[in-house]
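A short write-up of the structure that comes next.
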Amino acid sequence: MAQVGKLRLGIFGAARNVPFSVIEPVRNNPDLAARVDIVGVACEQGEGASFAKEWGVPTSFSSYEELLADPTVEAVYNVLPIEMRSHWTVRALLAGKHVLSETPLSNNAREAMLVQRAAEDSGRVLLEGTHPTCHPVTARVREILMEGKIGGLERIDLTLPVGHSLHGKTICTKTGALLGLGVHGVAIVRALMGDEPRVISASATPSKQDSGVDEAMSISLSSPSGVEAHLDLSVKLSGASAPTTFEVLGNNGTIHVKEWFTGRGKSSNEIALETFENDGEKKVERVDTRAERDTFYFQLMVFVEEVAEQRLRGSSGLPWEYTKGKGPSDAVRNMALVDAIARVAGISPRMPSTPPPQPYNVIGRSKL
């Protein structure tokens, strides 16, 4: 485990998920608290001071520029709205800060490429917060697949209801199923497949309140080797209490996984393995993690470890130098698949209201 002193982390925005995605994991886990200090929160809507007081954050910055100008802040957790997220991620990178970005990293894949280039040019770590892929359950399921416990992988079925999203039920119903939930869904599928799938079909159900928002999505994917995946996404409030589930089917067995993303002591961390040979075998195992170590604990620890590792090696944030997290190049591929799904479903990819600053507002102008 790399150790280079505590990482001093500032937060962009006082979003509803900040307490349970960053503050509580640090507060409730001494090993993480020994690795990171939350030193300030920047908010331009006026609630920064009250948020800092309520959650014990030492400093409230009245602007994002003020936080970036503080030389004691070494890294930023960016939970700003999607439309302006990549702009401030690039600004943070250019200010010499490492960045953990909320999902999605950007509005579309082309914008994600620009953010990746900014990270490489600045020599700073950039990770997208696809927290389910950081959880040990994901690693264990992948391990079972690699061990051949269910034979050759044939299909992955994944169901993500609105309760899965960090955006919150109200915000998620405005963002839509694909960006609110699908970013995590395709990240899980890609992590388990170990391959880059293509879109076979995708259909969107528009919201009755806003026809421009996809209330539900049904997506079919296929890998070059023929492995299929099906994702059901929904931001319907009627399904808010439904669990996140997925099923992995092989030619010699099935893996059932149920709801480990909830965290805060509510996760089951359960993996049920059923094989077909020798009259069939059923086995249930649970990944043993303390209640305090939820999916956000593992996400933040991956980020802290990546920063520490690259510091020790004197690395410069290039794609092949990431050893703990997957880095921004993986976020670009993830967003490219999300864009492809949107096109097939007849949804126009989102455009930023605040593009990244120059020269990262134009493809092909990265410094060499």
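The values are calculated or read from the model by the stated rules, or taken from the named source; none is laboratory data. Being a predicted model, the structure only gives us computed values, none of them experimental. Methodologically, a virtual Cβ is constructed for each residue, glycine included, from the backbone with ideal geometry; neighbour enumeration extends over all protein chains shown. Side chains included, ligands, DNA and RNA excluded: accessible areas come from the protein's heavy atoms. Shrake-Rupley method; radii C 1.70, N 1.55, O 1.52, S 1.80 Å.
For region 28-64, the set of residues classified as surrounded by 14 or more Cβ atoms within 10 Å (Cβ to Cβ) and of a type in the set (Asp, Glu) consists of Asp37, Glu44, Glu47, listed by residue number.
Of all the criteria given as (1) in a helix (DSSP H, G or I); (2) open to solvent by less than 10 Å² (accessible area, probe 1.4 Å), the one not satisfied by Trp88 is (2). Of all residues in region 32-56, exactly one satisfies the criterion of being at pLDDT 95 or above and of a type in the set (Asp, Glu), namely Asp37.
Conditions (1) at pLDDT 90 or above; (2) among the small types (Gly, Ala, Ser), marked per residue:
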residue	(1), (2)
Ile171	no, no
Lys174	no, no
Leu178	yes, no
Val186	yes, no
Arg190	yes, no
Met193	yes, no
Arg198	yes, no
Lys208	no, no
Ala216	yes, yes
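Summed over region 206-222, the residues that are in a strand (DSSP E or B), open to solvent by 50 Å² or more (accessible area, probe 1.4 Å) and in contact (Cβ under 8 Å) with a residue 24 or more places away in the chain give a count of 0. Return yes or no: is Arg16 in contact (Cβ under 8 Å) with a residue 60 or more places away in the chain and either more than 18 Å from the chain's Cα centre (by Cα) or buried (at least 22 other Cβ atoms within 10 Å of the Cβ) (or both)? No: the conditions fail for Arg16.
Give me the residue from region 57-101 that is of a type in the set (Asp, Glu) and within 19 Å of Tyr360 (Cβ to Cβ) and, out of that set, modelled with the lowest pLDDT.
Per the stated criteria, the residue is Glu83.
With a requirement of 3 or more residues that are of a type outside the set (A, V, I, L, M, F, W, C) and farther than 25 Å from Val302 by Cβ, the helices (runs of 4 or more DSSP H) lying completely within region 1-70 that satisfy it span 48-55. For residues that are β-branched (Val, Ile, Thr) and not in a loop (DSSP other than H, G, I, E, B), scanning just region 71-85, find the one that is farthest from Pro355 (Cα to Cα). Ranking the candidates gives Val76 first.
Residues that are charged (D, E, K, R) and within 19 Å of Val115 (Cβ to Cβ) occur at least once in region 56-70. Confirm whether Gly123 is surrounded by fewer than 24 Cβ atoms within 10 Å (Cβ to Cβ) and more than 13 Å from Leu192 (Cβ to Cβ). Yes; evaluated as a whole, the condition is true for this residue.
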